[in-house]
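The next block holds one structure in the form of C-alpha cells; read it before the comments.
The values are calculated or read from the model by the stated rules, or taken from the named source; none is laboratory data. Quick caveat, the model's predicted, so the values are computed rather than measured. Cβ placement follows ideal geometry from the backbone for every residue including glycine, while neighbour counts extend to all protein chains displayed. Note: accessible area is taken over every heavy atom of the protein model, side chains too, but ligands, DNA and RNA are not part of it. Shrake-Rupley method; radii C 1.70, N 1.55, O 1.52, S 1.80 Å.
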Amino acid sequence: MAHANAAYYSTHDPYADFTTAPEITQVFGELLGLWAAVTWRSIGAPSPLSIVELGPGRGTLMMDALRAISRAAPDFHAAATIHLIETSPRLRAAQQERVSEAVWNDTIDTVPDGPMMLWGNEFLDALPIRQFVRRGAGWTERFVGPEGFVEEPADFVPAIETSEGDVVEMREAAEAIAATIAVRLTRHKGAALFVDYGPEISAPGDSLQAIAGGQPADPLGPPGTADLTAHVDFARFGAAAGAAGADVHGPVPQGLFLARLGLFQRTHQLAQYLPPRGAAAVMESARRLAEPDRMGRLFKAIALVSPGAGTPPGFE
C-alpha cells in the first residue's frame with residue numbers, strides 16, 4: 001500500500017480522481033489557520049515556531065490558512081516558518097505556486113525542533129495498514145500475492161471483540177506518527193490537528209478502498225494507478241498519542257467542529273459579495289462539509305496538544 005501510493009502521488013494529479021475539503025471551499029483552510037492562531041495564543045504565543053502540514057496536496061489549505069492568519073494574526077504569521085511534508089516532486093511543484101515561502105521536508109523528523117502548530121487533512125487515511133482475518137480460533141494475516149490476497153497464519157490477539165471471518169486492521173504507521181508528534185509536544189509547546197474519516201471507536205471491518213478516475217477501483221490493480229485509503233482508527237491514534245505524553249481532544253464530527261469554528265458565519269460573509277448563483281454555490285460547499293449524511297459525520301477532527309495546554313477551539 002505504501003509503495004503503491006508513493007507511485008500514485010508521484011505520477012498522478014490526485015484531484016482528477018477525488019476532491020478534499022480545502023478544494024471544496026476556501027473557508028476550510030481559513031478556519032484551520034485561525035484555529036492554529038487562537039491555539040498558539042492560548043499556549044503563550046511561543047516564538048519562533050514552525051507551522052507544519054502533513055500531505056499538503058496542491059497547497060490550497062496552507063495558502064488559505066496563511067491568508068487568514070496574515071490578516072487576523074500577523075504576529076503569528078511573523079513568528080512562523082512554514083514547513084510542508086511532501087515527497088512527490090509533482091505535488092511540490094504545485095505547492096510552490098501557492099506557498100512559495102515554504103520549506104519542504106520529506107518527513108516530520110527534519111522539521112527543526114521547537115514549538116509547532118501542525119495539521120493534516122486526509123493524510124492518515126493514505127498510510128499503510130495491515131489486515132488480520134479471524135479463522136476459527138486463530139488468525140491469519142493478509143498479504144499480496146501473484147494472484148491476489150494470500151493469508152498466512154499469524155500470532156495475533158485483537159483488542160476488540162470479533163467473530164469468524166472478521167477483518168481487523170492495524171495502522172502502525174499512523175500510530176507511530178501520533179507518538180512522534182506527541183513526544184515533540186511534550187518537549188515544546190504546540191498542537192496538532194487532524195481531519196480525516198473513520199469511526200469514533202475501534203471496530204472490525206475491511207475498509208481498504210481504491211479510487212481511480214473518480215470511481216471505485218480494484219485495490220490490487222496495477223500499483224500506482226489508484227489512490228489507496230483505509231479508515232482512520234481514531235481511538236487507537238489518540239491512545240498512541242496519549243501514551244507518548246500528549247493531551248488528546250476528540251474525535252468530534254467534522255460538521256460540528258467546523259460549525260463551532262464559524263463555518264456558516266464566514267460562508268454567509270463571503271456570499272454577501274457574490275451574485276445569487278455564486279452565493280448559492282458557496283453555501284452548498286459549506287453544507288457539503290457539514291451535513292451529517294455527506295462529509296459532516298463520517299469525517300472527524302482530533303487534536304493533540306502539549307500537556308496542560310487546555311482545550312483547543314472546536315473541542316469544547
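Can you say what percent of the DSSP beta bridges in the chain, counting only those with both residues inside, are antiparallel? Round to 5.
Rounded to the nearest five, the antiparallel share is 60 percent.
Rolling a 1.4 angstrom probe over the protein heavy atoms, how many square angstrom per residue are accessible across the chain?
I get 44 Å² per residue for the chain.
Could you run the Karplus curve 6.51 cos²θ - 1.76 cosθ + 1.60 with θ = phi - 60° over the range 205-210 and give me ³J(HN,Hα) per residue in whole Hz, x for Gly and Pro?
Per residue, the Karplus-derived 3J(HN,Hα) values read x, 8, 9, 5, 8, 10 Hz.
Can you list the trypsin sites (Lys or Arg not before Pro) in the range 44-126 that are in a DSSP coil and have 10 or fewer other beta carbons within 10 angstrom?
none
If I compute solvent accessible area with a 1.4 Å probe over the protein chains, what percent of it on the chain is carbon and sulfur?
Roughly 55 percent, rounded to a whole number.
For the range 167-281, take the alpha-carbon Rg, divide it by the Kirkwood Rh, and send me Rg/Rh.
With Rh from the inverse mean 1/r over Cα pairs, Rg/Rh is 1.08.
Relative contact order, percent, of the chain when contacts are C-alpha pairs under 8 Å separated by at least 6 residues?
Computed value for the chain: 20 percent relative contact order.
Output the 0 to 90 degree angle, nearest 10, between the alpha-carbon long axis of helix 2-11 and the longest principal axis computed from the alpha carbons of the chain.
Taking the Cα atoms of the chain, the angle to 2-11 is about 50 degrees.
From the phi of every residue in the range 184-193, what ³J(HN,Hα) in whole Hz does the Karplus formula 6.51 cos²θ - 1.76 cosθ + 1.60 yield, where θ is phi - 60° and glycine or proline is x?
4, 6, 7, 7, 9, 5, x, 7, 9, 10
Filter the chymotrypsin sites (Phe, Trp or Tyr not before Pro) in the range 213-282 to those in DSSP coil with at most 15 other Cβ atoms within 10 Å of their Cβ, and list the result.
When the chymotrypsin sites (Phe, Trp or Tyr not before Pro) of the range 213-282 are filtered for loop state and at most 15 Cβ neighbours within 10 Å, Tyr273 remain.
Mean-square fluctuation check for the chain, GNM, Cα pairs under 10 Å: which of Val133, Val195, Val157 is largest?
Val157
DSSP loop (so not H, G, I, E, B), at most 15 other Cβ within 10 Å: list which chymotrypsin sites (Phe, Trp or Tyr not before Pro) in the range 107-183 pass both filters.
Phe156
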